[in-house]
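Everything on this sheet refers to the single structure shown next.
The values are calculated or read from the model by the stated rules, or taken from the named source; none is laboratory data. In this text the structure is predicted, and so the values were computed from the model without any measurement. Methodologically, a virtual Cβ is constructed for each residue, glycine included, from the backbone with ideal geometry; neighbour enumeration extends over all protein chains shown. What goes into the accessible areas is simple: the full protein's heavy atoms, side chains included, and nothing from ligands, DNA or RNA. Shrake-Rupley method; radii C 1.70, N 1.55, O 1.52, S 1.80 Å.
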Amino acid sequence: MNITNSEKLLFNQIREQRLKASEIFKTKAFRNWWRGIVDKYNESAHFVYELLQNADDVGATYVEIILSKKGMYFKHNGTIPFSISTEEEENNYGHINAITGVANSTKNDDSQKIGKFGLGFKAVFAYSKEPYIYDDKFSERLEQVAQG
């Protein structure tokens, strides 16, 4: 399945917005705030719990964790693909928007989902400065934008 032209446009808009925001997180006034987000989930291997929670939230019944010299790979058979939206959409906020933003979640109105704060995935930044996400449509490297 290929990304549509409108999804490409949205993805590029979000990338530009996140790059602008990252400049703010690099300033002295905000870099400790970002560090606090990452440190909140800094306990040993907490990010694995966050990944398991996210897999469960998209209907996964199977996960596989592969450790190698090149890194760790976390795969699952979730049935809900990554989505993307405009930043203004409240009722259909995209997964790409949520994992690349702060304090926004796709789970706000779902009582069956645990995470609602838009912070959990950021736990991976305690262990990787550049995690990759893969989906049938999206394949992207994420970067930690600020360091404390």
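Things to note:
- Ranking Thr61, Thr100 by solvent-accessible area of protein heavy atoms (1.4 Å probe, all protein chains present), from largest to smallest, gives Thr61, Thr100.
- Calculated FRET efficiency for the pair Asn2/Val63, C-beta based, R₀ 35 Å, to 0.05: 0.85
- Set Lys28/Lys70; Lys8/Lys137; Lys26/Lys70; Lys8/Lys69; Lys8/Lys129; Lys75/Lys129 screened for pairs whose C-alpha atoms are more than 22 Å apart: Lys28/Lys70; Lys26/Lys70; Lys8/Lys69; Lys8/Lys129
- If R0 is 30 Å, the Cβ-Cβ spacing of Asn12 and Trp33 corresponds to a FRET efficiency of close to 0.70.
- R0 of 22 Å, Cβ-Cβ distance Glu87-Arg141: FRET efficiency to nearest 0.05: 0.55
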